[in-house]
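This report refers to the structure that appears directly beneath it.
The values are calculated or read from the model by the stated rules, or taken from the named source; none is laboratory data. Being a predicted model, the structure only gives us computed values, none of them experimental. No Cβ is skipped: glycine too gets one built from the backbone with ideal geometry, and neighbour counts run over all protein chains shown.
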Amino acid sequence: MKKVKSSDSQKNNIVAGKVLSSAVNTEMNVNEAHRTNTEFWDTIGSEFLGSTSLPSWGGFLPSEDKLNLLGDLNNKSVLEIGCGNGRSLEYVNKRGANDLWGLDISPNQIKRTKEHLKSTGVNANLVCSPMEDECGLPKEYFDLVYSVYGIGWTTDLDKTFNRIYSYLKKGGLFVFGWSHPIHKCVSVENDKFIFSNSYFDEEWYLADMSDKEIMLSNRMLSTYINALADNGFVIERLFEETDREKAKIANTDFSKKALMLPTAFVIKARKI
């Protein structure tokens, strides 16, 4: 991967509410992105960024217990994109889903999911693959596809949404949450909010995470919405509100920012 050397390419890297070392714009190569991000999640990913799982949608969004975006899950077939540690699959199982599937790019995350679900007596079909790729998942099969902080790791948003559309039954739901793009533009410095990155910058960047790297792109909110529409989804809800009580109790720079602007969003869309 080629790192762009110009000074304009330097940006503050804000991930999981933390301002980390500067990130550097890079030319995106799919194989390199998959290799870099898989290695990160196979090794230090969960420890470094932490794990977000249902009922939390991430950031300071209200929880699924309050939003009820997934609806009635009794006897439903569900697929999680980026199944991580398996706790979200456990959650939907407790809500009544009885046909569980999980997809993750990281073999180690698949292993963690297997171990956690085994310890709780929950069965699931798990597939290790990039979300953009053909991986043998059944078509027109699922009542619900969801993702908690997973979709933003895709190297091809349009292809990913097209595949998810193909997995869903007619009328099926797709619900996903991710870091709000405006959050990546604003940092807190000496109790002041500083616009440090352009909202319109969707270039790929490479960032150091301890002794590992990640490769991501900061997509605009309209990019997600338009890609959903282009692939046949009807958008039913967009939530970007802050749970103000939760943010006030936390009393951190991240929570102070959450009282001023959204730190995460979640979209509910339907296949028609």
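Structure notes:
- Within region 195-223, tally of residues that are over 17 Å from the mean Cα position of the chain (by Cα), in a strand (DSSP E or B) and under 26 Å from L238 (Cα atoms): 1
- The set of residues from region 154-169 being closer than 16 Å to L79 by Cβ and not hydroxyl-bearing (S, T, Y) comprises F161, N162, R163, I164, L168, K169.
- Here G84 does not qualify as in contact with a Pro (Cβ under 9 Å, 6 or more places away or on another chain) and either farther than 21 Å from H116 by Cα or in a loop (DSSP other than H, G, I, E, B) (or both).
- In region 184-197, the residues that are free of Cβ contacts under 8 Å to residues at least 24 places away in the same chain reach residues that are assigned to a strand (DSSP E or B) and aliphatic (A, V, I, L, M) with C-beta atoms within less than 7 angstrom, at least six apart or across chains, in these pairs: I194/V186; F195/V186.
- Taking region 147-178 as the range and being part of a strand (DSSP E or B), surrounded by fewer than 22 Cβ atoms within 10 Å (Cβ to Cβ) and in contact with a Ser or Thr (Cβ under 9 Å, 6 or more places away or on another chain) as the test, only K169 passes.
- Restricting F233, F265, F193, F254 to those that are among the aromatic types (F, W, Y), buried (at least 16 other Cβ atoms within 10 Å of the Cβ) and modelled with pLDDT under 90 reduces the list to F254.
- Within region 101-124, tally of residues that are touching an Asp or Glu at 6+ places or on another chain (Cβ under 8 Å) and either buried (at least 17 other Cβ atoms within 10 Å of the Cβ) or under 20 Å from D143 (Cβ atoms) (or both): 10
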